[in-house]
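Participant: Have a look at this one before I ask anything.
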Amino acid sequence: MKTLKVGVIGTGNMGRNHVRNLAAEKKFELAGFYDVNKEQASETLQRYGTKAFESMEALLDEVEAVVIAVPSTLHKEVALLAAERGVHALVEKPLATTNEDAEMIRKAFEDKKLKLAVGHIERFNPVFAELKKLVDPEDIFFIEVCRYSPYSNSGRITDTSVVEDLMIHDVDLVCALMEGKEVTSLHGRGESVRSERTDFATCIMDFDGKAHAVVNASRVSQNKVRTITVHTAEGCICADLLAKTLEIYKSTNLTMDQTRDNSCHQEGIVQKFYVPIEEPLRAELIAFYESVVNNAPVAVGGEAGINAIKICEQVVRRTEM
């Protein structure tokens, strides 16, 4: 088995999780990491015992691939440097802060024939992976998504809207479920509740005039919710990304033993499945390995990352008018 020599740039919360997974996975040789924040770098070094590089350039000269987990405003600068040095990259979501910057990144990697993956980690949630197997885009007529989080003074990003912070996950998931279908119209509403930006938003996406999706995102709710409900003519499937369950509802309209006065009428059946737990970040990194080492298709590439940004930019314009 070929190992992939990899590094991590940025060791905030997400970056440290990447370091942890890469250090434990035999498919990778973790060369080390770089972080401009010396305190974060020292903490990561003590916890995982790998090498702390003095510069991004020094790290990029030592690796075949890199995970970029710096703040979103720095994605363009760091990703373009990686492409210039001939290094494959997995860039945390969003790929960039604007559609134009994201397109520039995609083109830089394409020109160098390098692999570019985008860290839309919910694609690798095992519940979503199973849901995607169960539905055909041609059969879907409605999708409803709810992603709610309680307000946190320190835990959530408040210099961007909830659209860029949370909704972008589900915009990407809906587009993945509706693979091959174009978004023909889009509507958005939002409310500022605890910050100066939109804290609760609703997006309505129409696909080819035959299906639509409603995506709700909140960072000011009292509860934590991560659900996707997919409706088809045959029934509906409810996926709970937190509880790791899938519930399948199907109509039967069946009357049992019609010869009796008290015959039983069954309107539908419900099947509930618990999905085996697998860490999505590990699955994402393994998919990245396969794309680089074995030339497998990139699971979530530049085009998907750009598409999510384009849609979210439109939602932001509509919610913050």
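Laboratory data are not the source of any read-out in this text; all were calculated from the coordinates shown. Small disclaimer: the values here were computed from a predicted structure and weren't measured. Please note: Cβ atoms are built from the backbone with ideal geometry, for glycine as well, and neighbour counts cover all protein chains shown.
Participant: For Lys51, list the aspartates and glutamates whose Cα falls under 20 Å from its own Cα; do not include residues on the same chain fewer than 8 positions away.
Facilitator: Glu25, Glu29, Asp35, Glu39, Glu43, Asp61, Glu62, Glu64
Participant: Let me ask something additional. Considering only Cα-Cα distances, which of the following residue pairs are longer than 23 Å: Lys93/Lys310; Lys27/Lys133; Lys76/Lys107; Lys2/Lys115; Lys2/Lys76; Lys115/Lys310?
Facilitator: Lys27/Lys133; Lys2/Lys76
Participant: Toward the positive end of the charge dipole of the chain, about the Cα centre and with charges on Cβ (Lys, Arg +1; Asp, Glu -1), which of Gly180, Ala129, Gly49 goes farthest?
Facilitator: Looking along the dipole axis, the top candidate is Gly49.
Participant: Another one. Enter the mean projected area of the convex hull around the alpha-carbon atoms of the stretch 81-143, in nm², rounded to one decimal.
Facilitator: 6.0 nm²
Participant: Using only the alpha carbons of the stretch 4-114, determine the length spanned along each of the three principal axes and report them from longest to shortest in whole angstroms.
Facilitator: 38, 25, 22
Participant: With charges set only on the Cβ (+1 for Lys and Arg, -1 for Asp and Glu), what does the dipole of the chain come to about its Cα centre, in debye to the nearest 20?
Facilitator: The dipole of the chain has a size of about 620 debye.
Participant: Let me ask something else. Enter the mean projected area of the convex hull around the alpha-carbon atoms of the chain, in nm², rounded to one decimal.
Facilitator: It is 19.9 nm².
Participant: About the Cα centre, and with charges only on the beta carbon of Lys, Arg (+1) and Asp, Glu (-1), how big is the dipole of the stretch 101-248? Nearest 20 debye, please.
Facilitator: So the dipole magnitude of the stretch 101-248 works out to roughly 520 debye.
Participant: What is the dipole size for the stretch 38-121, taken about its Cα centre, with +1 at each Lys and Arg Cβ and -1 at each Asp and Glu Cβ, in debye to the nearest 20?
Facilitator: 260 debye
Participant: Using +1 at the Cβ of each Lys and Arg and -1 at the Cβ of each Asp and Glu in the chain, identify which of Met14, Val230, Ala211 lies farthest towards the dipole's positive end.
Facilitator: Looking along the dipole axis, the top candidate is Met14.
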